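First the structure, in the form of structure tokens, and then the observations on it.
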Amino acid sequence: MFMYFPSNYVWSLAVVATLNNGGFIDEVDRACKPVLQAAMDGDDVGTEQLFASWEAVATRLTLKAEEDESRGHHVGAGETYYRASLYTSQAERLQSPKWVGRNAAYESSVRLLLKHVELSGVPLTRVEVPYEDTSLPAYFYRAPGDGPSPVVIQWNGLDSTKEMMYYSGFPRMLAERGISTLMIDTPGSGEALRLRGLTARHDTEVWAAAIVDWIESNETVLGVDATRIGIVGWSLGGYYAPRALAFEKRLKLGVAWGANHNWTEVQDGRRRREGENPVPHYWDHVFWVWGVDNMQDFIEKTAEMHLNGVADKITAPLFITHGTGDRQISVKYAHETYDQALNSSKRELRIFDDPEGGTEHISIDNMPYVAGIIADWIDETFRELAGSTETAVTR
């Protein structure tokens, strides 16, 4: 992985994600260069300074986009709003949950992204999915044509957002294959956590059922086929999505984009300082996600965050991807999920190694390449299901 900050994995991860999601190298360099020294002081120290540096670049771009828009240059303005949103989002992701400016920064990233969508003619609509006594915020990206198209539900991990799903280009890749995408901030992630205070839970089939109910109720309006629904989860979503696939049988296929077979065990290791953290201020972040304020409550709430005794209940097709050099989640967990999902009608394990690339966490070092492979598998599998074809593949 490209280590812009040689001694700081977490900050470098944000740089790589930004560059793989459409950031311009000169702009990213201008955002990062002023905090090179600060990066040497560790993950947590200096994150507000980093935000200020990245936001300075985003502010300059926003002013340019506003000027372009006022002159009727909508294509250029839309592209520039996109990068301003991307930089703001990645810098916000690195902040402490206790930072008073965090919600405002997140709201700014959303506002800028929606300006991009408006001016660029992106087939994306903001929607609300009823959940218990509230709702989950989501973006629906519609595939071209009259439909009805298959639809993929996309879920976050521990620290990402539905905006980052869009930045990845994955919904566009699916749309090019005739598949719509519902990007959704589930409890414990994105807008659901930041602005609505919804915290995570281990039984993700509850979220899945609410989402599938909504798709079924709105399939005509959405132009989708509610009998062809898949689910994709990256990072911690590599636990969330397979768990949902095991118990919510209306889901017809699933992808663990980075396996996360036993997150409880990973947290035991992190308490012993094993492996890399995904974000600075790590324990503050996970306590925030789970709605706790001490380690004992966190341990109790996350005790069931594993797929042991769950993966064997998966009967639908399952695709698992992982990088051999993942510094956050060991590749052994990809093999564990694959080995235990023995009742899946089509299970495939794809391990990325050098010289191919995609070896890091969720293959973020070669993300567009891996996203395309996942999109092809989903397209292929929906077509196979339409013909009732069943296979078992491993690589």
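The values are calculated or read from the model by the stated rules, or taken from the named source; none is laboratory data. On a predicted model such as this, the values are computed, not experimentally measured, just so you know. So basically every Cβ, Gly included, is an ideal-geometry build from the backbone, and we count neighbours across all protein chains shown. Just so you know, the surface numbers come from the protein's heavy atoms only, side chains and all, with ligands and any DNA or RNA stripped out. Shrake-Rupley method; radii C 1.70, N 1.55, O 1.52, S 1.80 Å.
Which of the residues belonging to the range 372-382 are under 21 Å from the mean Cα position of the chain (by Cα) and either within 20 Å of Thr315 (Cβ to Cβ) or open to solvent by less than 20 Å² (accessible area, probe 1.4 Å) (or both)?
Within the range 372-382, Gly372, Ile374, Ala375, Trp377, Ile378 meet the criteria.
For the range 90-110, how many residues meet the condition of being open to solvent by 60 Å² or more (accessible area, probe 1.4 Å), over 30 Å from Asp213 (Cβ atoms) and within 19 Å of the chain's Cα centre (by Cα)?
Residues meeting the conditions: 0.
Let's see how each residue does on (1) exposed (fewer than 15 other Cβ atoms within 10 Å of the Cβ); (2) under 19 Å from the mean Cα position of the chain (by Cα); (3) without any contact (Cβ under 8 Å) to a residue 40 or more places away in the chain; (4) within 22 Å of Thr227 (Cα to Cα):
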site	(1), (2), (3), (4)
Leu119	no, no, no, no
Glu132	yes, no, no, no
Pro137	no, yes, no, no
Phe140	no, yes, no, yes
Val152	no, yes, no, yes
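Kindly check whether there is at least one residue in the range 72-86 that is in contact with a helix residue (DSSP H, G or I) (Cβ under 7 Å, 6 or more places away or on another chain), closer than 23 Å to His285 by Cβ and surrounded by 14 or more Cβ atoms within 10 Å (Cβ to Cβ).
yes
Return yes when Asn8 is within 17 Å of Met164 (Cβ to Cβ), in contact with a Gly (Cβ under 8 Å, 6 or more places away or on another chain) and surrounded by 15 or more Cβ atoms within 10 Å (Cβ to Cβ) and no when it is not.
In short, no.
Listed here are the residues, each with its yes/no results for (1) closer than 19 Å to Ser168 by Cβ; (2) open to solvent by 10 Å² or more (accessible area, probe 1.4 Å); (3) in a helix (DSSP H, G or I); (4) out of contact with any helix residue (DSSP H, G or I) (no Cβ under 7 Å at 6 or more places or on another chain).
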{"residue": "Arg196", "(1), (2), (3), (4)": "no, yes, no, yes"}
{"residue": "Arg201", "(1), (2), (3), (4)": "no, yes, no, yes"}
{"residue": "Val212", "(1), (2), (3), (4)": "no, no, yes, yes"}
{"residue": "Val221", "(1), (2), (3), (4)": "no, yes, yes, yes"}
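Residue-wise test of (1) of a type outside the set (Lys, Arg); (2) free of Cβ contacts under 8 Å to residues at least 40 places away in the same chain; (3) within 30 Å of Asp379 (Cα to Cα).
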{"residue": "Val255", "(1), (2), (3)": "yes, no, yes"}
{"residue": "His261", "(1), (2), (3)": "yes, no, yes"}
{"residue": "Thr264", "(1), (2), (3)": "yes, no, no"}
{"residue": "Gly269", "(1), (2), (3)": "yes, yes, no"}
{"residue": "Ile299", "(1), (2), (3)": "yes, yes, no"}
{"residue": "Thr302", "(1), (2), (3)": "yes, no, no"}
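What is the residue count in the range 299-323 for residues that are open to solvent by 20 Å² or more (accessible area, probe 1.4 Å), in contact with a strand residue (DSSP E or B) (Cβ under 6 Å, 6 or more places away or on another chain) and outside any strand (DSSP E or B)?
The number of residues fulfilling the criteria is 0.
Assuming Gly275 fulfils every condition listed in (1) surrounded by 17 or more Cβ atoms within 10 Å (Cβ to Cβ); (2) of a type outside the set (Ser, Thr, Tyr); (3) in contact (Cβ under 8 Å) with a residue 40 or more places away in the chain apart from one, which condition is it?
Gly275 satisfies every listed condition except (1).
Could you say which residue among Gln328, Gln296 is at pLDDT 95 or above and surrounded by 15 or more Cβ atoms within 10 Å (Cβ to Cβ)?
None of the others qualify; the one that does is Gln328.
Output the residues belonging to the range 225-251 that are of a type in the set (Val, Ile, Thr) and either out of contact with any strand residue (DSSP E or B) (no Cβ under 9 Å at 6 or more places or on another chain) or open to solvent by less than 10 Å² (accessible area, probe 1.4 Å) (or both).
Ile229, Ile231, Val232
Within the range 63-71, identify whether any single residue is within 23 Å of the chain's Cα centre (by Cα) and of a type in the set (Asp, Glu), and answer yes or no.
no
Run down Val35, Val45, Val57 and say which single residue is open to solvent by 80 Å² or more (accessible area, probe 1.4 Å), of a type outside the set (Lys, Arg) and over 22 Å from the mean Cα position of the chain (by Cα).
Val45
Exactly one of these conditions fails for Tyr87: (1) in contact with a strand residue (DSSP E or B) (Cβ under 8 Å, 6 or more places away or on another chain); (2) in a helix (DSSP H, G or I). Give me its number.
Result: Tyr87 fails condition (1) only.
Across the range 348-371, what is the total count of residues that are within 17 Å of Thr337 (Cβ to Cβ), open to solvent by 10 Å² or more (accessible area, probe 1.4 Å) and in a helix (DSSP H, G or I)?
2
Which condition breaks for Leu63 when tested against (1) closer than 27 Å to Phe5 by Cβ; (2) open to solvent by 20 Å² or more (accessible area, probe 1.4 Å)?
(1)
Can you pull out every residue in the range 335-361 that is within 24 Å of Phe2 (Cα to Cα) and out of contact with any helix residue (DSSP H, G or I) (no Cβ under 8 Å at 6 or more places or on another chain)?
Asp353, Asp354, Pro355
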